[in-house]
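The structure appears below as structure tokens.
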Amino acid sequence: MSRGVAAIHIAELKSHLTHAIADAHGKQEIYEGIVFFSQQLHDVLEETK
């Protein structure tokens, strides 16, 4: 995956995380959103290597 494509994926993930936090009902849902974002970000960065 090129860096440009990775940057687009990361921007999309950031947008999804922002919406997930805004829609969350409590700390647990925010935590789960952050964990999911972190896993997805790791996957994108691994594919960029």
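The numbers here are math on the coordinates, done by the rules we state, and not lab data. Because the structure is a prediction, the values reported are computed rather than measured. Virtual Cβ from ideal backbone geometry, glycine too; neighbours counted across all protein chains shown.
Over 14 Å, how big is the tail of the calculated P(r) for the chain, in percent of all Cα pairs?
In whole percent, the long-distance tail amounts to 51.
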Self-check item: Total formal charge among the other residues, if their Cβ is under 13 angstrom from that of ILE8, Lys/Arg +1 and Asp/Glu -1
Solution: 0
Quiz item: Once the dipole of the chain is set up with Lys and Arg at +1 and Asp and Glu at -1 on Cβ about the Cα centre, which of ILE21, ILE10, GLY33 lies farthest towards its positive end?
Solution: ILE10
Quiz prompt | Lys, Arg +1 and Asp, Glu -1 on Cβ, resulting dipole of segment 3-48 about Cα centre, debye, nearest 20 | solution = 180
Quiz item: Modelled label-to-label distance, GLN39 and GLU12, 7 Å Cα→beta-carbon offset: nm?
Solution: 1.8
